[in-house]
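Have a look at the structure below before the remarks.
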Amino acid sequence: MLEFYARRGVSLLRIIQEIKWNVPIYRYNGILAGFDVAKNHVTFGIDCLVEENRRILKELGYKTGKQTIQIQRNQEIPIEILEELLRKQAKINTIRK
């Protein structure tokens, strides 16, 4: 996950990795995102996921929850959407700080 941020020019010095609720969490001025790995999918959790994001992701074949995106083993990772969500959450966290 940190490689994901590094490739996009995010300062890794300000991202904190920790385990909360038995899940890997990344913090940047608050919780940025987390993920959980299961046998056949990865669940990516982020607070700023809204109905429009869920609609687009469902159209692309991803399962979504209130604040989660489920990516099956055979699916491409929706990098552009995840980047957009991470930038949005980082901005929200910075404003709240």
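Name the residue that is surrounded by the fewest Cβ atoms within 10 Å (Cβ to Cβ), counting only residues in the stretch 17-68 that are assigned to a helix (DSSP H, G or I) and among the aliphatic types (A, V, I, L, M). Ranking the candidates gives ILE56 first. Just one residue in the set GLU84, GLU80 is free of Cβ contacts under 8 Å to residues at least 12 places away in the same chain and either surrounded by 12 or more Cβ atoms within 10 Å (Cβ to Cβ) or not in a helix (DSSP H, G or I) (or both); that residue is GLU84.
Read-outs: derived from the displayed coordinates by stated rules, not from any lab. Because the structure is a prediction, the values reported are computed rather than measured. A quick note on method: Cβ atoms are made from the backbone with ideal geometry, for glycine too, and the neighbour counts reach across all protein chains shown.
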